[in-house]
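Scroll down for the structure; my scribbles are underneath it.
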Amino acid sequence: MRAICLASAVLLGAGALTSCVPADAAMQSDFGFSVMPSTVAPGGEVTVQVVRNRACRGEAVVNSQVFDLVTIPPDESWTTAEVDWDAKPGAVYDVEFACDESNGTARLTIAGGRPTHHPTPHPTRHPHKGVHAGEGGTLAGFDLEEIGLGAALIAGSLGVAYHFSRRRTDEDAG
């Protein structure tokens, strides 16, 4: 009888944990990538960057509906792309990164109006190795309210699972 209760508690906890995973987290990449800035005016310029590691050693290809296909050579970590002038203000576009056999997707938001800033010139020498300081923006888009709600659901389901696994029937008591 105890094995059934314990199995039920484990399944309930596992179900609660998997139901709280955000959809974006389910599609994580094996390498880091980013689009900077994440909001740009039509005709503006963005920097696309990959974090080089075992999953991304070769040429990286970056593709989006809002700019032409760009490639990042194996010995570089970033390049720039010019956003199309006819990009729809307020729209959010997917930016797809592909490197070796790994893929990932970032979001690019189009601001209203024409570009107001002039991009700073990039150095002519590109660094060969970047700093391995994390996953490059995987926490972007998380909402503290959603995280708190998910943590409360997990804590509640674990508490209920514990309660039911420890509850004794009249036969066990005695």
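Okay, here's what the table says:
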item: Ordering of 155-167, 30-42, 90-102 by packing [mean C-beta count within 10 Å, highest first]; result: 30-42, 90-102, 155-167
item: Hz values of 3J(HN,Hα) by residue in the range 90-99 - Karplus curve (6.51, -1.76, 1.60), Gly and Pro given as x; result: x, 7, 10, 10, 7, 10, 9, 10, 9, 9
item: Of all accessible heavy-atom area on the range 53-108, the percent that carbon and sulfur account for (1.4 Å); result: 42
item: Simple spin-label estimate for M36 and D143 in nanometres, 7 Å along Cα-Cβ; result: 2.8
item: Under-5 Å amide H pairs with T105, H placed in peptide plane, nonlocal only; result: F97
item: Solvent exposure of the range 43-96 as accessible area per residue, Å², 1.4 Å probe; result: 51
item: Per-residue HN-Hα couplings for the range 157-165 [Karplus 6.51, -1.76, 1.60; θ = phi - 60°; Hz; x = Gly/Pro]; result: 5, 5, x, 5, 4, 5, 4, 5, 6
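The values are calculated or read from the model by the stated rules, or taken from the named source; none is laboratory data. All values derive from a computational prediction rather than experimental measurement. All Cβ positions, glycine included, derive from the backbone under ideal geometry; neighbour counts span all protein chains shown. For the accessible areas, the whole protein counts, side chains as well, though only heavy atoms, and no ligand, DNA or RNA atoms are used. Shrake-Rupley method; radii C 1.70, N 1.55, O 1.52, S 1.80 Å.
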